[in-house]
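Below is one structure, written out as structure tokens, with a few remarks after it.
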Amino acid sequence: AGGPVRSLFRRDLLGGPELELVDGIEDIQISYGVDSDLNGLIDNFVASSAMSASDWTGVLAVRVGLVVSSVDEVLETGASADLRLSRQMTATAAIRNRVD
């Protein structure tokens, strides 16, 4: 049998778990499309943990990546270590009035 199912939680202001929102969220990555030369075009995507103070003025888009897995084990063979199906999804959204 596989390990425990991971979930997405909302935390309260003190950092404690407050509410489980969605089962099966294995990973979330957030990055920002940065226009570093201020020409109106995204030059690169920067991970949220690597953003500098000067990067924020050039942010034109936000990219969110998720790895989502099934709650139940549905595979019959060892194609996955825990027999769950997983899917990676990415969505990018332009910040309104920031992209030409």
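The values are calculated or read from the model by the stated rules, or taken from the named source; none is laboratory data. This is a predicted model, so every value here is computed, not measured. Every residue, glycine among them, receives a Cβ derived from its backbone with ideal geometry; neighbour counts consider all protein chains shown. Areas reflect the complete protein model, heavy atoms only, side chains present, ligands, DNA and RNA absent. Shrake-Rupley method; radii C 1.70, N 1.55, O 1.52, S 1.80 Å.
Those residues that are open to solvent by 90 Å² or more (accessible area, probe 1.4 Å) and in contact (Cβ under 8 Å) with a residue 12 or more places away in the chain, I need them from region 1-19; list them, please. If the condition is that a residue be open to solvent by 90 Å² or more (accessible area, probe 1.4 Å) and in contact (Cβ under 8 Å) with a residue 12 or more places away in the chain, then ALA1, ARG6, PHE9 are the ones that fit. Looking only at residues of region 45-79 that are part of a loop (DSSP other than H, G, I, E, B) and among the acidic types (Asp, Glu), we find that the one that is surrounded by the fewest Cβ atoms within 10 Å (Cβ to Cβ) is GLU76.
Considering only region 20-44, state which residues are among the acidic types (Asp, Glu), in contact (Cβ under 8 Å) with a residue 24 or more places away in the chain and part of a loop (DSSP other than H, G, I, E, B). Correct list: ASP35 only. Of all residues in region 26-44, those that are crowded, with 16+ Cβ neighbours inside 10 Å and at pLDDT 90 or above total 6. Can you tell me how many residues within region 12-65 are on the phi > 0 side of the Ramachandran plot and within 15 Å of the chain's Cα centre (by Cα)? Result for region 12-65: 1.
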